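Structure first, commentary second.
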Amino acid sequence: AVQKRVDLVTLMQKLGKREITSLLLEGGPTVNTSALEAGLIDKFVFFQAPLIIGGRDSPGV
């Protein structure tokens, strides 16, 4: 199966042209890591939920 991924840098550039200057990213480990590695994250906000989803073997940032 072919997996398609969004180019986050291009997406942010297109949003910027539409004067969208802030975005809440609620992705999983893959999306969050990609955004972090691309230098797109200015601020982290963490929420702790009473339920862990994914288990101990789930990769994270």
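The values are calculated or read from the model by the stated rules, or taken from the named source; none is laboratory data. Values in this document were obtained by computation on a predicted structure and should not be read as measured data. Quick reminder, even Gly has a Cβ in these numbers, built from the backbone with ideal geometry, and neighbours come from all protein chains shown.
Contact map, segment 21-40: residues that are closer than 13 Å to residue 5 by Cβ paired with residues that are in a helix (DSSP H, G or I) and at pLDDT 90 or above, Cβ distance under 6 Å, separation 6+ or inter-chain. Pairs shown: 34/8; 35/8; 38/8; 38/9. Selection of segment 21-31 for residues being at pLDDT 85 or above and not in a helix (DSSP H, G or I) yields 21, 22, 23, 24, 25, 26.
Can you spot a residue in segment 34-43 that is part of a loop (DSSP other than H, G, I, E, B), modelled with pLDDT under 85 and of a type in the set (Val, Ile, Thr)?
The first filter runs over segment 34-43 and keeps only residues part of a loop (DSSP other than H, G, I, E, B), leaving 38-43.
Right, trim to modelled with pLDDT under 85 and you get none.
Scanning segment 34-43, I find no residue that is part of a loop (DSSP other than H, G, I, E, B), modelled with pLDDT under 85 and of a type in the set (Val, Ile, Thr), so the answer is no.
Output the residues belonging to segment 6-20 that are surrounded by 10 or more Cβ atoms within 10 Å (Cβ to Cβ) and either touching a Pro at 6+ places or on another chain (Cβ under 7 Å) or outside any helix (DSSP H, G or I) (or both). Within segment 6-20, 7, 20 meet the criteria.
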